[in-house]
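This report concerns only the one structure given below.
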Amino acid sequence: MAMPVMAAPVPGSDDPHVLVLGRISDDPKAHYAQLKPLLDYVVAHMRDVGITGGRILMARDARQMSSYLRRGRVDWVTETSGTGMELARRGGAEPFLLTERGGASAYHTIIFARADSGLTSVADLRGHALALQGVGSTSAYLVPASMALEAGLPMELLLSPQDRPDADSVGYVFARSELNIAAWVDKGMVDAGALSNLDWDNPRRMPESFRRNMRVLARSDDYPRAVEMVRSGLPVEVRARLHEVLLDAARDPQASDALRRFFGTTRFLDLDAESLRALERVRQAAAHVREHIE
């Protein structure tokens, strides 16, 4: 029988018998409901290594979560690859497993513009406005910003879609949602946008009436869609058992609902050489963005 999981708005005591799952969140109530079932399932399968309870700990941003990781207050964090690499840099977290969501463990970024815009490549974005989602997005901020920088294009934050960049820069503006990005490009409010290929193919985020009028300017290499991270000091036996439980969960019917609620997870996968190389590319992209934009 699953043990109850308690929410913790602040770090709790360092109890070695409690497994703490962390999440960076701007909506703790909704994320708690998504995290709790899988944590309950995992805790129920870790009694043999001394884990008898679980707790969820939210952080407002990567800086706060990194502090929790360094202090040993969080054991396991689920995040996008970009944020995961930031937690590795700031908090010493270690990539643990790939997370497959909706049957996809990897995706890539698409930069696009209206077909009648005259834009044909990333290099053409100089002097134009690019809609991105927000600084927490790997596919719709970190990677496309890095692609522009790699093309030799300075990036300039715009105040609104009506603001215009300098002639030598790419102006970027945050649209907050994937549908907004698509709509702003379709309506000519901005010149180009960036989405993951999964959002590009999703008619709720890129309606077909918009997409048929778009031109793809560039595609990035693939990178992991999401990654599970663990703190560097997690005891070896707890780490090994957590690894086993998560890998086996997709084969256990009792875990199916918990996985589905865990951000649409279909299974966890071991990190292989290719995925580690992809995470390294994400790390380098993040470093490039920090140096030249942030």
Notebook entry, point to check: Of the residues in the range 204-222, how many are exposed (fewer than 15 other Cβ atoms within 10 Å of the Cβ) and small (Gly, Ala, Ser)?
Noted result: 1
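Can you tell me which residue in the range 108-133 is nearest to Arg225 (Cα to Cα), limited to those that are among the hydroxyl-bearing types (Ser, Thr, Tyr) and surrounded by fewer than 24 Cβ atoms within 10 Å (Cβ to Cβ)?
Only one residue fits best here, namely Ser121.
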Next item on the list: Please specify each residue of the range 102-126 satisfying the condition of being assigned to a strand (DSSP E or B) and not small (Gly, Ala, Ser).
Entry: Tyr107, Thr109, Ile110, Ile111, Phe112, Arg114
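Pick out the one residue from Leu276, Leu246, Leu242 that is surrounded by fewer than 20 Cβ atoms within 10 Å (Cβ to Cβ), touching a strand residue (DSSP E or B) at 6+ places or on another chain (Cβ under 8 Å) and within 16 Å of Leu97 (Cα to Cα).
Only one candidate qualifies: Leu276.
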Checklist line | Selected residue (only one of Gly54, Gly91, Gly136, Gly84 is buried (at least 16 other Cβ atoms within 10 Å of the Cβ), at negative phi and modelled with pLDDT under 95) | finding: Gly136
Next item on the list: With the condition kept exactly as written, say whether any residue in the range 73-89 is part of a loop (DSSP other than H, G, I, E, B) and more than 19 Å from Glu237 (Cβ to Cβ).
Entry: yes
Note to self: If Glu274 meets every condition in (1) closer than 30 Å to Tyr32 by Cβ; (2) without any contact (Cβ under 8 Å) to a residue 60 or more places away in the chain apart from one, which number is that one?
What the structure shows: (1)
Next item on the list: Sort through Pro154, Pro144, Pro203 and tell me the only one that's outside the structural domain of Glu86 (by TED's automatic domain parsing) and in contact with a strand residue (DSSP E or B) (Cβ under 6 Å, 6 or more places away or on another chain).
Entry: Pro144
Next item on the list: Would you confirm whether any residue within the range 59-80 is surrounded by fewer than 22 Cβ atoms within 10 Å (Cβ to Cβ), under 15 Å from Phe263 (Cβ atoms) and in contact (Cβ under 8 Å) with a residue 12 or more places away in the chain?
Entry: yes
Item checked: Boolean, Val216 is β-branched (Val, Ile, Thr) and under 19 Å from the mean Cα position of the chain (by Cα) -> no
Next item on the list: For the range 91-101, indicate whether the set of residues that are part of a strand (DSSP E or B), in contact with a strand residue (DSSP E or B) (Cβ under 9 Å, 6 or more places away or on another chain), among the β-branched types (Val, Ile, Thr) and more than 30 Å from Arg260 (Cβ to Cβ) is non-empty.
Entry: no
Next item on the list: State all residues of the range 184-196 that are buried (at least 19 other Cβ atoms within 10 Å of the Cβ) and not β-branched (Val, Ile, Thr); if no residue qualifies, say none.
Entry: Trp184, Asp191, Ala192, Gly193, Ala194, Leu195, Ser196
Notebook entry, point to check: Looking at (1) surrounded by fewer than 17 Cβ atoms within 10 Å (Cβ to Cβ); (2) modelled with pLDDT under 95, can you tell me which one Ile293 breaks?
Noted result: (1)
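The values are calculated or read from the model by the stated rules, or taken from the named source; none is laboratory data. Given the structure is predicted, the values throughout are model-derived calculations rather than measurements. Glycine also receives a Cβ, built like all others from the backbone with ideal geometry; neighbour counts cover every protein chain displayed.
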